[in-house]
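First the structure, in the form of structure tokens, and then the observations on it.
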Amino acid sequence: MILTFVIISIFCLITLFIVLSYFRFRNNQYNNYFPWLRGRIPIFIKTPWIKRIHEFYQSWFIQRYPANQRWIYIGLALSYCYLVLSGFIFALISVRLFGLVLLFHVVLGGLFSVCLCLAVLLRARFYRWNVEDLAPANLKTKAGKRKVWQIVLFWIFVASGLVLIVTALFQMLPQFSLRAQLIIFEVHRYAALEILLAGIAFLYFSLVDDGQ
């Protein structure tokens, strides 16, 4: 079952990379996707990500969120990154979480739960469905399509997060049999994969200008 999950995870991540890179490619003046991709990969690897993240924080994050709300999104992002890394690294090496890694996984899982709930309360109105969003004229524009993708991916992210929270709590309860616990663990694992894919795609459609 672990091997199956690893194979599915790698396949989904590669597929998502190809889909998102193609979104960016189709708005550039290139005739062939693969030569374009070969040229972009070295640029991606050589990008000074620490500097880019700092620039993003200064130019986008601070201007977008009030000071009294920033800790919510920072806590959500940091806990999300740790949970993803710790969960998937141990899944790839076919080892269950243990020790301090497991302890921080549980603690930051609690932080993720609180921050996700607060983020939904604060941001849900920005990602609610409006009649204008689905209007044919709006869907023909790049901005309209990106907004629809953001709304869909935001709620997939939220739904997956809620599944993660509920299944994590269920795994702590002694009322479930071993078979039920294994099923709950599998649901938790695939919900983690879903929230990883949704998070990456949401960031792409929120931050990346695919017209460049």
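The values are calculated or read from the model by the stated rules, or taken from the named source; none is laboratory data. In this text the structure is predicted, and so the values were computed from the model without any measurement. Don't worry about glycine lacking a Cβ; one is built from the backbone with ideal geometry, like all the others, and counts go over all protein chains shown.
Can we say LEU118 is more than 16 Å from the chain's Cα centre (by Cα), in contact (Cβ under 8 Å) with a residue 40 or more places away in the chain and surrounded by 12 or more Cβ atoms within 10 Å (Cβ to Cβ)?
Here the answer is yes, as LEU118 does meet what is asked.
Under 8 Å between Cβ atoms, at least 6 apart or on separate chains: pull out the pairs that start in the range 190-203 with a residue that is surrounded by fewer than 19 Cβ atoms within 10 Å (Cβ to Cβ) and end on any residue that is assigned to a helix (DSSP H, G or I) and of a type in the set (Gly, Ala, Ser).
Partner pairs satisfying both residue conditions: GLU194/SER160.
Which condition does PHE23 not pass, out of (1) closer than 28 Å to LEU162 by Cα; (2) touching a residue at least 60 places away in the same chain (Cβ under 8 Å); (3) of a type in the set (A, V, I, L, M, F, W, C); (4) surrounded by 14 or more Cβ atoms within 10 Å (Cβ to Cβ), if it passes all the others?
Failed condition: (1).
Being surrounded by fewer than 12 Cβ atoms within 10 Å (Cβ to Cβ), among the basic types (Lys, Arg) and assigned to a helix (DSSP H, G or I) is the requirement here; does ARG38 meet it?
In short, yes.
Would you please name the residue that is modelled with the highest pLDDT, looking only at residues in the range 123-133 that are under 12 Å from TRP149 (Cα atoms) and surrounded by 12 or more Cβ atoms within 10 Å (Cβ to Cβ)?
It comes out as TYR127.
Please specify each residue of the range 58-98 satisfying the condition of being small (Gly, Ala, Ser) and either surrounded by 14 or more Cβ atoms within 10 Å (Cβ to Cβ) or touching a residue at least 40 places away in the same chain (Cβ under 8 Å) (or both).
Those that are small (Gly, Ala, Ser) and either surrounded by 14 or more Cβ atoms within 10 Å (Cβ to Cβ) or touching a residue at least 40 places away in the same chain (Cβ under 8 Å) (or both): GLY75, ALA77, SER79, SER86, GLY87, ALA91, SER94.
Kindly indicate the residue of the range 169-185 that is over 24 Å from the mean Cα position of the chain (by Cα) and of a type in the set (A, V, I, L, M, F, W, C) and also nearest to SER113 (Cα to Cα) among those meeting that condition.
Step by step, filter the range 169-185, then rank; the result is MET172.
Can you name the number of the only condition in (1) surrounded by 10 or more Cβ atoms within 10 Å (Cβ to Cβ); (2) over 30 Å from ARG70 (Cα atoms); (3) modelled with pLDDT under 80 that ILE14 fails?
For ILE14, the exception is condition (3).
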